[in-house]
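No lab work stands behind these numbers, since they all come straight from the coordinates. Since we're looking at a predicted model, the values are computed, not measured. With ideal geometry, Cβ positions are generated from the backbone for all residues, glycine too; neighbour counts draw on all protein chains shown.
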C-alpha cells in the first residue's frame, strides 16, 4: 500500500505540470489564442519575464560560500549539456537525420527543461514524498535554490550556444547579438548583484530601501513558468505535424535525452559520492536526477518560434510533443528509482 501511495503521489506531482500545458492546448484549439498570440507571448517571456526570473533567483541565492559549496551544480549543468549534445550528434549520424534537422536533435538532446518544470516539480515532490514530510516547505525551498544555482550556467549557455545552433550559424559567423539574449543579461546581473553584499542587502532583502524593485521583478518572473508552459501546450495543441520530421529522429531524442542521460547521470552521482566530491544530500541528488531526466527545454520552442521558419517550427513541435508525452513515464520512473535507491523507500 505504501508503494502504491508513493507512485500515485509522484504521478500527481508530474501531472500538475502537464495540466498547465493542457490549458495552453485548449486555448489554442478553441482559438482563444492564435498562432500570432503565441509569438507575442514568446517575446514577452524572452524580453521581460524570464530575465526577471533569472535575476531574482540568482541574486537572492548566490554568494561566495554558495559558489564554494555548490559549484557542482553549475559544473554539472555544463556536463549535462555537453554529454546530451554528444548523444544528439552521434544519433543524428547513426540515424542519418536530414541536415536541416540535425541541430534540432543536438539541442533537444543537450538542453532539458531546467527551470520551468523542475521548480514546481521539486516543490510538489517535497509535499508528497514521505522522505520529506518532516519539513516539506523547507526541502522545497532548498530544492528551488539548488535549481536556481544550476541555472547560473544553464541560462547563459542555452541562450548563447543553443540559440546560435538554432540560428544555424557557424562559430566564425557568429556576432555578439547572435549569442546573447535578455535572459543572459538577467542572469549575469543577478550574479553581480548577488556577490556585492551592500547592493544585495538594499535590493534583495525585505527591509532594504529598494526591495520594492526586487519584489516587482519577482512578481514579473512568476509569469515565466505558466506562460512558457502555455506556449508549449499551444504549440503542441495540434499534435505532431505529419511529415515534419522522421520518427527515427524523434526516437533518437527519446533515447538520448530521456533514457541514456538519466542512466549516465545516475552513474555520475554514484561516482561523486564514492570519491567524496559531494556529501550525501537527497535534495541535491534528486535535483540532479530531475534535471537529467527532463524533456527538451521550452526555451527551444520559444527560440524556434522567434526564428519564424515554419518547417523548423513544425519539426520542433513534433519532437516536443512526443518527448513530453513519453517523459510523463520516464520522469516518474526516474524519480521513483532515485528515491528508492538513495533512501530505500519502499515502492
* At what distance in angstrom do the alpha carbon centres of the stretch 188-202 and the stretch 114-141 lie from each other? -> 27 Å
* Structure fact -> Computed over the chain, the relative contact order (Cα-Cα under 8 Å, seq sep at least six) in percent reads 31 percent
* Structure fact -> Check: C-alpha center the stretch 236-285 vs C-alpha center the stretch 5-49, spacing in Å is 22 Å
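If you stretched the chain out fully between residue 23 and residue 270, how much longer would it get, using 0.36 nm times the residue separation minus the C-alpha to C-alpha distance?
Numbers: separation 247, 0.36 × 247 = 88.92 nm, distance 3.87 nm.
Working it through step by step, the gained length comes to 85.1 nm.
Which shape class applies to the stretch 95-237: rounded if a/c is under 1.5, otherwise prolate when a/b exceeds b/c and oblate if not, where a ≥ b ≥ c are the square roots of the Cα gyration tensor eigenvalues? Let's see the in-between values first.
On the way: a/c = 2.32, a/b = 1.36, b/c = 1.70.
It is oblate, given that a/c is not under 1.5 and a/b is not larger than b/c.
Could you compute how fast the stretch 35-86 diffuses translationally, taking Rh as the Kirkwood radius over C-alpha pairs and applying Stokes-Einstein at 4 °C with viscosity 1.567 mPa s? Give it in µm² per second.
The calculation lands on 96 µm²/s.
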* Structure fact -> Expressed in angstrom and rounded, the centroid-to-centroid distance over alpha carbons for the stretch 214-231 and the stretch 295-347 is 20 Å
* Structure fact -> With T = 10 °C, eta = 1.306 mPa s and Kirkwood Rh from C-alpha pairs, the Stokes-Einstein D of the stretch 203-346 in µm²/s is about 89 µm²/s
* Taking every pair of alpha-carbon atoms in the chain, what share in percent sits in each 20 Å bin, from 0 to the bin with the longest distance? -> 31, 60, 9
* Fewest first, what order do 8, 230 take by the number of other Cβ atoms within 10 Å? -> 8, 230
* So for the pair residue 11, residue 343, with labels modelled 7 Å out along Cα→Cβ, what separation do we get in nm? -> 1.9 nm
* Write down Rg/Rh for the stretch 1-153, rounded to two decimals, with Rg from the C-alpha atoms and Rh from the Kirkwood relation over Cα pairs. => 1.02
* **Relative contact order (%) - the stretch 181-334, alpha-carbon pairs under 8 angstrom, separation at least six** => 28 percent
* Take each of the peptides 86-97, 32-43, average the number of other beta-carbon atoms within 10 Å over its residues, and list them starting from the highest. => 86-97, 32-43
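Can you pull the Kirkwood radius for the stretch 83-139, inverse mean 1/r over Cα pairs, to one decimal in Å? Before the final figure, lay out each step's value.
Numbers: mean 1/r = 0.0736 Å⁻¹.
That comes to 13.6 Å for the stretch 83-139.
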